[in-house]
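Q: Can you keep this structure in mind? I'll have questions shortly.
Computed from the coordinates by the stated procedures, all read-outs in this text should not be read as laboratory data. Bear in mind the structure is a predicted one, so any value in this text is a computation, not a measurement. Using ideal geometry, Cβ is built from the backbone for each residue, glycine included, and neighbour counts are taken over all protein chains shown.
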Amino acid sequence: MSKLFGLDFVPASCLGFEKRARKSADPLHEGLVEKMRHSDLVHADEPKRSGDRLPQAARRASTASQTYWREDGLNVFLWYAGNAEVAVFRMDPNRSTEAAKRILGESLDALLVTDAYASYNAIEVRARQSCLAHLLRTGREVAQTLAAMEAPDPDAERFLVQVSRLLRRACALEIPKAKADRLELEARLLGILDLICARPLDFAKAETFRKRLLPGAREYKEVFAFVRCGGPPTNNHAERALRPLVIFRKVCFGTRSANGSENVAVFASIVETAKIRGCSALDIFEALLTEAPETAHGMLFPAAARAG
């Protein structure tokens, strides 16, 4: 406020300016949600506690890396949905199907890129890409468990090496522009995957991983959907978008109320969208405090403003 308007005041006065900015920011945030839901590509993610799969003692030791939001001492989940044009954050007390619908809507005419979390299954989409980085991580975890055994299963070891090699190769592919060429490439990759997954495995964890990649399994058509749709193979975009707020929570310890959490999500959506669109976040907030919401929208999306 000092930089923008030359104002100096006690911290308690910030609340009034926050309420004023939020009143103007709500229509802008609603517009960001609509733009996201009408995009051809949407990345979505929600931070998990990194210790969720660890034994209880290990979970207690991993407190420093827990990545949920905190609201008045309770856990709240920070959801993200967006792409290279728009960013939307939402605080929700749940990681449920309904929570996924509250940010993404009931359906998307888009390629939805996510991890394998089941809550996204209820969203009707044009196509869904299962993040290959997560699949590679799963394979690596199974391989580490296998390597620690006195007598590792050679078939499982071979399977994990071949799957990892195929997924890494897929991530590095240059996707053809022609639709027919993309479909042919996807079919070829699926054919290789079928050969790799042809034989059942004795090692239980490797067999569970193999079953996820079989024809008829939910993820089968999601492994190389990015080839068919000409999109990205990983959900790195969403994870990078969430990182600043995760760090912010560790610094400020979260918020004290639902309204405060909503403010963080709304303002973060505007700041991140300004960042990816090359706009000044300070200029946007100056407009929110002094102008109509349409002014800030026009700064974020000048082409749409000119067309309007």
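Q: Rounded to the nearest 500 deg cm²/dmol, what is the calculated helix-only ellipticity per residue at 222 nm for the chain, with -39500 (n - 2.57) per DSSP H run of length n ≥ 4?
A: -17000 deg cm²/dmol
Q: Could you derive backbone 3J(HN,Hα) for the stretch 283-288 from the dihedral phi with the Karplus parameters 6.51, -1.76 and 1.60 (θ = phi - 60°), listing whole Hz in sequence and x where the residue is Gly or Pro?
A: 5, 5, 6, 4, 5, 5
Q: Number of Lys-Lys pairs in the stretch 155-308 under 28 Å by Cα, sequence gap 8 or more or different chains? List each step's numbers first, then the result.
A: Values: 177/221; 179/221; 205/221; 211/221; 250/275.
Lysine pairs satisfying the spacing and distance rule in the stretch 155-308 number 5.
Q: Roughly how many Å is it from the Cα centre of the stretch 97-166 to that of the stretch 199-243, as a whole number?
A: Between the Cα centre of the stretch 97-166 and that of the stretch 199-243, the gap is 4 Å.
Q: Once the principal axes of the Cα atoms of the stretch 132-219 are found, what is the range along each, listed largest first in whole angstroms?
A: Cα extents, longest axis first: 49, 24, 20 Å.
Q: If you build the convex hull over the alpha carbons only and average its shadow over all orientations, what do you get for the stretch 171-308? Give it in nm² to one decimal.
A: Taking the Cα atoms of the stretch 171-308, their convex hull projects to 14.3 nm² on average.
Q: Using Cα-Cα distances under 8 Å and only pairs 6 or more residues apart, what relative contact order does the chain have, in percent?
A: For the chain, the relative contact order is 24 percent.
Q: What number, in nm² with one decimal, is the all-direction average of the projected area of the convex hull of the alpha-carbon atoms of the chain? Could you put the intermediate results ahead of the total?
A: Working: hull surface 76.0 nm².
Here the figure is 19.0 nm², rounded to one decimal.
Q: Exposure proxy check: 252, 131 ranked by fewest other beta carbons within 10 Å?
A: Fewest-to-most Cβ neighbours within 10 Å comes out as 252, 131.
Q: With viscosity set to 1.567 mPa s and temperature to 4 °C, compute the Stokes-Einstein D of the stretch 75-194, Rh being the Kirkwood radius across alpha carbon pairs; µm²/s, no decimals.
A: In µm²/s, the coefficient rounds to 76.
Q: Can you tell me the orientation of helix 179-196 relative to the chain, as the angle in degrees between its alpha-carbon axis and the longest Cα principal axis, to the nearest 10?
A: Helix 179-196 and the main axis of the chain meet at about 50 degrees.
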